[in-house]
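All of the numbers you see were taken from the coordinates with simple rules; none came from a lab. Since we're looking at a predicted model, the values are computed, not measured. We place every Cβ from the backbone using ideal geometry, glycine too, and count neighbours over all the protein chains shown.
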Amino acid sequence: MRALVVGANGYLGSHVVRQLVADGQDVRVMVREGANTIGIDDLDVQRFIGDIWDDEVLTAAMTGVDVIYYCVVDTRGWLRDPAPLFHTNVEGTRHVLDIAVRPEILSGLKKFVFTSSYATVGRRRGRVSTEEDIADERKLTPYVRSRVQAEKMVLQYARERGLPAVAMCVSTTYGGTDWGRTPHGAIIAGAAFGKLPFVMRGIELEAVGVNDAARALILAAEKGRVGQRYLISDKMISNAEVARIAAETAGVPAPARSIPLPVTYLLAAMGTIKGRLRRTDERLSLASLRLMRAEAPVDHGKAMRELGWHPTPVEESIREAARFWVGLRKSKRKTVG
């Protein structure tokens, strides 16, 4: 089986690559010029250098592959100007899809595995959501709206243009080898180093181990039904619990202070006003806070039934992440010493 991972240097993408190589597959990767590829540098893979707007590189990378894993996404939900989100997440995806459905590529393609988000699933308090629930775009932040539009487009290509696509609605990923220091990884690092000043009460997210998420994508390439979406998440877990587990694993005290949700909203409102006045992108804003607040749990039963996917408890992945950060700090100290 020959596979191509587009966005192979990213957090989830690099874990997909590592598992594919471990499975003995013939793996191609596509990464941008100058991208940090430390997560895959030790692997024997064929590299294609270019971005998702490069027709020549995309065509060469896609030609002759059985499966394409698409793991490119701009996750900067805090941007004051959301135009870059739609440029990458929607128009960039459309450009890739248009090449993927060319006859010379589509004829040999068995599956196009698209990395989507659980945020595209409609959620309401008091009920458990499934893949049948569709988010209402009128109530979404620009970032989530870009993800919804991209997912709908992929599934439209599956219905109307013969693309053998599946959409993987992946929740917040935790785990080791987070070389790019994702925002959620930064929380674990802060707690593991004893430098997280406080936690935010009332913040809960659906979460999953990054290795489990990567395995779900690979299973979808084998067993996923074309045109279907699959929720990939283990459970809801609070911001405070993530920090507690990370600190406990690292052997340091958990953050002693917490701030209530109304105070968090006040800080987010201040961040929003500051961004507007100074024309800056503030990481804590009302838009980013909405991303951190899950309205209801989701059901991953479809992925278990159809893909044979069985996630490990996400707590184990949080511990793995804490050990990664602690080990990385120790190795840096030894190098400096």
Practice item. Give a residue-ordered list of calculated ³J(HN,Hα) values for the range 24-40 (Karplus: 6.51 cos²θ - 1.76 cosθ + 1.60, θ = phi - 60°; whole Hz; x for Gly, Pro). Key: x, 7, 7, 10, 10, 10, 10, 9, 6, 4, x, 5, 6, 10, 4, x, 10
Practice item. Once you've got the Cα coordinates, tell me which of LYS139/LYS274; LYS235/LYS330; LYS139/LYS235; LYS139/LYS302; LYS223/LYS302 are over 20 Å apart. Key: LYS139/LYS274; LYS235/LYS330; LYS139/LYS235; LYS139/LYS302
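Considering the convex hull of the alpha carbon atoms of the range 1-128, report its projected area averaged over all viewing directions, in nm², one decimal.
Values: hull surface 38.6 nm².
Result: 9.7 nm².
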Review point. Given H placed on each backbone N at 1.01 Å, which residues far from TYR69 in sequence or on other chains put an amide H within less than 5 Å of it?
Key: LEU4, VAL5, VAL6, VAL113
Exercise for review: Using the number of other C-beta atoms within 10 angstrom as an exposure proxy, rank THR59, THR120 with the fewest first.
Suggested key: THR59, THR120
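If you place +1 on the Cβ of every Lys and Arg, -1 on the Cβ of every Asp and Glu, and leave all else neutral, what size is the dipole of the chain about its Cα centre, to the nearest 20 Debye?
1260 debye
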Check your understanding: With point charges of +1 on the Cβ of Lys and Arg and -1 on the Cβ of Asp and Glu, referenced to the Cα centre of the chain, which listed residue (ALA189, GLN46, VAL263) lies farthest in the positive direction of the dipole?
Key -> VAL263
Check your understanding: Using the per-residue mean of other Cβ atoms lying within 10 Å as a proxy for protection, in what order, highest first, do the peptides 193-200, 159-166 fall?
Key -> 159-166, 193-200
Study note, to complete from the structure: Under the Karplus relation with 6.51, -1.76 and 1.60 and θ = phi - 60°, whole-Hz ³J(HN,Hα) for the range 208-222, x at Gly and Pro, equal 8, x, 5, 5, 5, 5, 4, 5, 4, 4, 5, 5, 5, 5, 8
Point to revise | Charge dipole (debye, nearest 20) of the range 43-113; +1 at Cβ of Lys and Arg, -1 at Cβ of Asp and Glu | key: 280 debye
Exercise for review: Would you work out which of LEU97, ALA135, GLY301 lies farthest towards the positive end of the dipole of the chain, given +1 charges on the beta-carbon of Lys and Arg and -1 on that of Asp and Glu, about the Cα centre?
Suggested key: ALA135
Check your understanding: In debye, nearest 20: dipole of the range 1-150 around its Cα centre with unit charges on the Cβ of K, R (+) and D, E (-)?
Key -> 820 debye
Exercise for review: Using amide H atoms built 1.01 Å from N in the peptide plane, name the residues 5+ places from ILE232, or on other chains, whose amide H lies under 5 Å from its own.
Suggested key: CYS169, VAL170, SER171
Exercise for review: For the chain, set up a Gaussian network in which alpha carbons nearer than 10 Å are linked by springs, and say which option among GLY227, GLY251, GLY34 fluctuates the most.
Suggested key: GLY34
Exercise for review: Jot down the radius of gyration and Dmax of the range 36-105, Cα atoms only, both in angstrom.
Suggested key: 14.0, 41
Review point. Which value results for Rg/Rh of the range 171-254 when Rg is the Cα radius of gyration and Rh the Kirkwood radius based on the inverse mean 1/r?
Key: 1.06
Review point. If you average 1/r over every pair of different alpha-carbon atoms in the chain and take one over that average, what Kirkwood value in Å do you get?
Key: 20.6 Å
